[in-house]
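Beneath this line is the structure, given in structure tokens, with notes to follow.
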Amino acid sequence: MAAGFSEVLRARHAVRLLAGTLVGRLPNATAAIALVLFVRAQGGSYSLAGGLAAAYGVANAVGQPVLGRLVDVYGQPRVQLPAALASALAMGAFAFCGTDPLPVAYAAVAAAGLFTPPLEGGLRALWPSVLRREEQVHTAYAMDAVAQEVMFTVGPLLVTLCVSMWSERAALLVLNGLGVLGALSVVLSPPSRAWRSAPREAHWLGALRSPGLLVLLGSFLFVGMALGSIAVASVSYADGHGGDAVYGWLMAGVGLGALVGGTAYGARQWRGAPERRLRWLVALLAVCYLPLVWMPGVPAMVALAVLAGVFLAPCIACAFILVDRHAPSGTVTEAFSWLVTTFTVGASVGTGLAGPVVQAGGARWGFAVPGAAGAVSLLVLLALSGVLAAPARGAVVAASSENDPNRAVEPRFSSGDRA
């Protein structure tokens, strides 16, 4: 199982790019909990902390595709590093000024979210130029999805460690400083400096003019809703079964399931069209959410949480392949950034939707939301399968299979972003 991952990691620059991207994304992965802890330490309310976290999230969702388009036009170093510095400076200003005056606090936090560099989309645009074969790039996508789960598990632990060693203010400053160092490591690497986007057609819609990409984004909006709603329902379940510790175990279970599923998915070379594979993966994801409504005792519930996470990372990894296939020429970073934004917005909508559902019907109905959202995601893929299967405009279809020893029936990458 580890052979495919080790082959990818042995490629020149691969470890540096992956590690630098993960470190560079720490501020984004830890923003919500770091903001809540800082605001509470300043004497602010949970409502204020939630409002600031929401401002960061909304600004981040707006900024990712915008910055992604700028990366496609001007290259990675000229956009990623200035954005990382601007984001860190804005969060540093908030850390020193605090929540008073409130308009300044909101402006600083929103600026920090808006200028968060699109390192995630940038890394996926770099993989084809770093790795020699397409199946290695597919493995790298799966490894990337697994690494996300690790980062979102380790990130909050780093926040609490910084708080315990220093203070809430120090946690904001240290993590954002690390983010700048991570971005610096990426943009100074030879693949990032050499990377150039393929020639692009000027169009105000950018990547969104691809019908296939729009179908994929519509589907993953509901995948994000499923994940966001699980968090709220898990809080309600934990309140009646042991409190915060149980909530932590449930969230860790989802992360562990995604880690196991992503590792297994990346260890195999897959045959056949990724569109059909994605439909099966989303269907399995929705089915694995359904047992959560049984709400058994804590040990069994943690096991069901692990099951619920198993197909999450494979869905994301398969979606990466389709994003690259359907992104119009010269828009690959923007297209990946749109997927990140859509997933984030979906998670926020799921969180907001699950709250009233849990309030009205309890945790059991809250756990029904992820299954319903997964089913809608599958329906989108099924109803618009013809659109998703259509070749992207300007896509490069393999004229031979010399790079594919398994003769997989998959198109070659459409980005053309090989240094």
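Side notes on the structure shown:
- For the stretch 137-160, the criterion of being at pLDDT below 95, within 20 Å of the chain's Cα centre (by Cα) and acidic (Asp, Glu) is satisfied by at least one residue.
- Unique match (being closer than 27 Å to Ala140 by Cβ, modelled with pLDDT of 90 or more and open to solvent by 10 Å² or more (accessible area, probe 1.4 Å)) among Val332, Val310, Val298: Val310
- Residues satisfying the stated conditions in the stretch 168-217, i.e. touching a Cys at 6+ places or on another chain (Cβ under 9 Å) and acidic (Asp, Glu): Glu168
- Only one of the numbered conditions (1) out of contact with any helix residue (DSSP H, G or I) (no Cβ under 6 Å at 6 or more places or on another chain); (2) of a type outside the set (S, T, N, Q); (3) at pLDDT 90 or above; (4) open to solvent by 30 Å² or more (accessible area, probe 1.4 Å) is violated by Gly75, and that is (4).
- Of the residues Ala34, Ala111, Ala53, Ala93, the single one that is open to solvent by 10 Å² or more (accessible area, probe 1.4 Å), at pLDDT below 95 and touching a helix residue (DSSP H, G or I) at 6+ places or on another chain (Cβ under 9 Å) is Ala53.
- Reported count of residues in the stretch 234-282, each being outside any helix (DSSP H, G or I), open to solvent by 20 Å² or more (accessible area, probe 1.4 Å), out of contact with any Gly (no Cβ under 7 Å at 6 or more places or on another chain) and under 28 Å from Val137 (Cα atoms), is 5.
- Members of the stretch 326-382 found to be under 28 Å from Leu119 (Cα atoms), among the aromatic types (Phe, Trp, Tyr) and in contact with a Leu (Cβ under 8 Å, 6 or more places away or on another chain), listed by number: Trp338, Phe343
- Search result, residues across the stretch 161-205 that are part of a helix (DSSP H, G or I), under 27 Å from Thr344 (Cα atoms) and without any contact (Cβ under 8 Å) to a residue 12 or more places away in the chain: Leu161, Ala170
- Residues within the stretch 327-352 that are more than 21 Å from Val62 (Cα to Cα) and part of a helix (DSSP H, G or I), tallied: 0
- Within the stretch 288-299, considering residues that are part of a helix (DSSP H, G or I) and touching a residue at least 40 places away in the same chain (Cβ under 8 Å), the one farthest from Ala319 (Cα to Cα): Val298
The values are calculated or read from the model by the stated rules, or taken from the named source; none is laboratory data. Computed from a prediction, not measured in an experiment: that's the story for all the values here. Positions of Cβ are generated from backbone atoms using ideal geometry, with glycine treated the same way; all protein chains shown enter the neighbour counts. Heads up: the accessible areas ignore ligands, DNA and RNA and are worked out on the full protein's heavy atoms, side chains in. Shrake-Rupley method; radii C 1.70, N 1.55, O 1.52, S 1.80 Å.
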